[in-house]
Amino acid sequence: MSDAVAEPLPKEMLARVEAALYSSGRPLDAGQLARVAGTTSERKAVAIAREIAKSVNGSLQAVEVVEYSGPRFAMQLKADYTTVARRFATRPL
């Protein structure tokens with residue numbers, strides 16, 4: 001029996017990265033995404049973030065996941081919707 005901690009299942013990894021992107025309010029780098037996903041592979045974490053971006057960008061109208069150099073990823077409100085959202089925001093956008 002090994003003392004190594006098993007990586008979370010892929011669905012759980014995806015959910016963890018999605019939650020981190022949603023709540024962070026800033027771009028997260030590959031290392032941060034890997035840690036939150038529960039993996040040592042930054043490559044896997046980037047692939048997960050890209051999968052989330054594809055899903056979010058293909059289905060939501062006002063929210064997007066943007067990939068910056070590094071690579072870094074951020075979930076954010078599209079610029080066209082900041083005026084509407086600002087009226088309801090509990091913190092600055």
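The values are calculated or read from the model by the stated rules, or taken from the named source; none is laboratory data. Note that the structure is predicted; figures quoted are calculated from it, not measured. Cβ placement follows ideal geometry from the backbone for every residue including glycine, while neighbour counts extend to all protein chains displayed. Just so you know, the surface numbers come from the protein's heavy atoms only, side chains and all, with ligands and any DNA or RNA stripped out. Shrake-Rupley method; radii C 1.70, N 1.55, O 1.52, S 1.80 Å.
Distance in nm between label sites at ALA85 and ARG35, each 7 Å beyond Cα in the beta-carbon direction?
2.5
Per DSSP H run of at least 4 residues, take -39500 (n - 2.57); add these up for the chain, divide by its residues and hand me the 222 nm value, nearest 500 deg cm²/dmol.
-15000 deg cm²/dmol
Filter the trypsin sites (Lys or Arg not before Pro) in the chain down to the DSSP loop ones having no more than 11 other Cβ atoms within 10 Å, then list what survives.
In loop regions of the chain (DSSP not H, G, I, E or B), the sparsely surrounded trypsin sites (Lys or Arg not before Pro) are ARG87.
Can you compute the label reach from GLU7? Point 7 Å from Cα along the Cβ direction, backbone N cut-off under 15 Å, restricted to segment 36-66.
36-51
Taking the Cβ of PRO27 as the centre, find all other residues whose Cβ is under 13 Å away and add up their charges (Lys, Arg: +1; Asp, Glu: -1).
That works out to -1.
How much length would be gained if the chain were fully extended between SER23 and ALA62, taking 0.36 nm per residue of separation minus their Cα-Cα distance, in nm to one decimal?
Length gained between SER23 and ALA62: 12.4 nm.
What whole-number value in Å² describes the accessible area per residue of the chain for a 1.4 Å probe?
For the chain, the per-residue accessible area is 72 Å².
Once you order the gyration tensor axes a ≥ b ≥ c over the Cα atoms, which shape class does the chain get: rounded for a/c under 1.5, otherwise prolate or oblate by comparing a/b with b/c?
Here the chain falls in the prolate category.
Roughly to the nearest percent, how much of the accessible area of the chain is carbon and sulfur, given a 1.4 Å probe?
For the chain, the apolar C and S fraction of the accessible surface comes to 54 percent.
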